[in-house]
Amino acid sequence: MYPYKLKYHKNSVLLIAMVGIPVLFISLMLYCLFSLPSSLSETSTLLFVSLSIILMALFLLWITKTQIFVLSKISISEKGISFKLRKTSFLYRRTDFFSEWENVTSVIEMFDNHNGGYFYQITFKNPAFVANFSALKNHETAAERFFSELKYYQESYNIAHQLPLSRKLNPSNSFS
């Protein structure tokens, strides 16, 4: 059981941060803007708005780099998959997780157009969520090995648990 080090994120957290933070910043900026005295010059108003937008962009960058995409340590075995977030993030309540293979719905490799690499999406039944894992910089080979091992264990589980079910459903096809 080789522990893999990958970046972890959830799409829901990414979406909430990318929509919620700008809405919060813009609301705060508009509140401050309407609270300013009307005798303020256009240059000062423009400077205030520009600084607010720059601060929002920097905050979004910091959130993305440190809070949304967090380092994780993943272990895969015949029992299941477990991962532990190595950095604390206020956006994720759960910092460690274990799931047996019966709780894994799907494992998909997806191409990331933005970063030009692949990430791996694992869908869990209970609790229902999708975990995304991507390679650390210059560790793409380890990430590919992770995906291969992940697919192997998931397919082994599916084969082992579908064969007895198909024999029960259609006993004439069983080997006697």
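The values are calculated or read from the model by the stated rules, or taken from the named source; none is laboratory data. What you see is a predicted model, and the numbers here were worked out from it, not measured in a lab. All Cβ positions, glycine included, derive from the backbone under ideal geometry; neighbour counts span all protein chains shown. Just so you know, the surface numbers come from the protein's heavy atoms only, side chains and all, with ligands and any DNA or RNA stripped out. Shrake-Rupley method; radii C 1.70, N 1.55, O 1.52, S 1.80 Å.
Quick notes on this one:
- Rolling a 1.4 Å probe across the protein heavy atoms gives the chain an accessible surface of 68 Å² per residue.
- Listed values (1) 59, 35, 33; (2) 93, 36, 27; (3) 46, 38, 29, entry calculated as Cα extents along the principal axes in Å: (2)
- Degrees between helix 11-35 axis and first principal axis of the chain (Cα, 0 to 90, nearest 10): 10 degrees
- Rounded to the nearest 20 debye, the dipole size of the chain about its Cα centre is 460 debye, using +1 on the Cβ of Lys and Arg and -1 on the Cβ of Asp and Glu.
- Given their separation in residues at 0.36 nm each and the Cα-Cα distance between them, Lys84 and Glu155 gain 23.2 nm when the chain is fully extended.
- A probe of 1.4 angstrom, applied to the heavy atoms of all protein chains, finds Leu47 with accessible area near 110 square angstrom.
- Helix axis angle, 140-169 relative to the chain longest principal axis, alpha carbon, degrees: 50 degrees
- Between helix 42-63 and the chain: long-axis angle, C-alpha atoms, 0 to 90°, nearest 10: 20 degrees
- Each peptide in 127-134, 10-17 was scored by the mean count of other Cβ atoms within 10 Å over its residues; highest first, the order is 127-134, 10-17.
- Rounded to the nearest 10 Å², the accessible area of Tyr118 at probe 1.4 Å: 120 Å²
- With every protein chain in place, the chain: carbon and sulfur % of accessible area (1.4 Å): 62 percent
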